[in-house]
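Here is the structure we will look at, set down as structure tokens.
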Amino acid sequence: MIPVVLAIAAGVALAFAVVATSPRRHWFAIPSAVIVLLAILVPLVAPAGSGPNWLGVVAAVLFGAVGVVGGSPVVGLVLRFAQGSVILGEHGGIVVSSDGGLTPRHEILRGGATIGYLERVALLGAVAAGQAAAVAVIVAIKGLGRFSELDGSEARERFIIGTLTSLIWAGACAAAAVLAA
């Protein structure tokens, strides 16, 4: 019974995550996050049920997809709470001015969404392969790649908040996937 429930829950969470990627619909990430949390808790407190093993695999794959797709809206929500209104640039970066508004604005941390997708895929792949320590390598590569752009406090804050949120989200979804399988 539990594999059936987890597979259905993973599908619903993925649907919410996909809807949350639409503009002004980031709030749909919240039900997705609740489902992921419940998917972690249910196998920990419920007795191991019987059911087809393939349903656990389906649920695990769907939770992996939730981890990749749902990360961007979750990060967007957390950044909105942490930093208030943020002006996004043409290339998905953050628009800032270097001296409090006296110089022309420029875009920093471009390509953050794409990098976020890749880091979540890498984290989920590392956990699936049993190499959770590879997360340190993922964080190191991302930090070294962005080092030259982190000269302003606004960029550093956004980078740290976004990276930690993305990794925590992917880690939670990886835990749900492992427990579902």
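The values are calculated or read from the model by the stated rules, or taken from the named source; none is laboratory data. Everything quoted here is computed from the prediction, not taken from an experiment. Positions of Cβ are backbone-derived with ideal geometry, glycine not excepted, and every protein chain shown enters the neighbour counts.
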- Given the conditions (1) at pLDDT below 75; (2) surrounded by 12 or more Cβ atoms within 10 Å (Cβ to Cβ); (3) in a helix (DSSP H, G or I), which single one is not true for V135? (1)
- Item | Every residue from region 36-48 that is over 14 Å from the mean Cα position of the chain (by Cα) and surrounded by 13 or more Cβ atoms within 10 Å (Cβ to Cβ) | L38, A39, I40, V42, P43
- Item | Residue in region 4-22 that is at pLDDT below 90, within 20 Å of A128 (Cβ to Cβ) and either in a helix (DSSP H, G or I) or of a type outside the set (D, E) (or both) present | yes
